[in-house]
Amino acid sequence: VRPVNGSEGRRLASEVIAENPSLSLRQIARAAGISPETARDVRNRLRRGEDPLPKPRGKRHVNGAATTAPGPAVSTRKGFGSGAVPHRAPVQDRTATVDRLKADPALRMSETGRTLL
């Protein structure tokens with residue numbers, strides 16, 4: 001299982017490292033719910049005096065025009081890090097997807113599938 005946004009785990013790891021810098025990477029990772037390699041990255045960033053969260057990368061679409069921005073289009077909620085905003089498929093794409101699902105015998109021939117459809 002991977003989190004959609006790893007910033008909370010990185011933040012927790014930085015707190016754990018600050019409280020007890022002698023912990024092993026596995027202990028930090030277990031306490032923060034992240035991988036040992038992410039714990040290593042957080043520890044190295046803190047040693048270099050950097051923020052434990054990496055800077056976002058990518059292109060951002062503003063008013064239909066692609067511009068270079070520090071990260072992908074994100075939605076920010078108070079008290080939380082940034083998370084990617086999913087693009088909604090046009091209605092005709094969703095309709096085509098539902099039509100394909102309706103034609104799937106695995107869905108049509110089972111009670112659960114019919115309930116879903």
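The values are calculated or read from the model by the stated rules, or taken from the named source; none is laboratory data. As the structure is a prediction and not an experimental result, all values here were calculated from the model. Every residue, glycine among them, receives a Cβ derived from its backbone with ideal geometry; neighbour counts consider all protein chains shown. Ligands, DNA and RNA are excluded from the accessible area calculation, which covers all protein heavy atoms including side chains. Shrake-Rupley method; radii C 1.70, N 1.55, O 1.52, S 1.80 Å.
Residue count for region 102-117 satisfying the condition of being among the hydroxyl-bearing types (Ser, Thr, Tyr) and open to solvent by 80 Å² or more (accessible area, probe 1.4 Å): 2. For region 44-52, indicate whether the set of residues that are assigned to a loop (DSSP other than H, G, I, E, B), at pLDDT below 65, open to solvent by less than 80 Å² (accessible area, probe 1.4 Å) and in contact with a helix residue (DSSP H, G or I) (Cβ under 7 Å, 6 or more places away or on another chain) is non-empty. Among the residues of region 44-52, not one is assigned to a loop (DSSP other than H, G, I, E, B), at pLDDT below 65, open to solvent by less than 80 Å² (accessible area, probe 1.4 Å) and in contact with a helix residue (DSSP H, G or I) (Cβ under 7 Å, 6 or more places away or on another chain), which makes the answer no.
In summary, Arg11 fulfils each of the numbered conditions (1) touching a helix residue (DSSP H, G or I) at 6+ places or on another chain (Cβ under 8 Å); (2) open to solvent by 80 Å² or more (accessible area, probe 1.4 Å) with the single exception of condition (1). Here Gly71 does not fit the description of being modelled with pLDDT under 80, assigned to a strand (DSSP E or B) and either within 20 Å of Val4 (Cα to Cα) or hydroxyl-bearing (Ser, Thr, Tyr) (or both).
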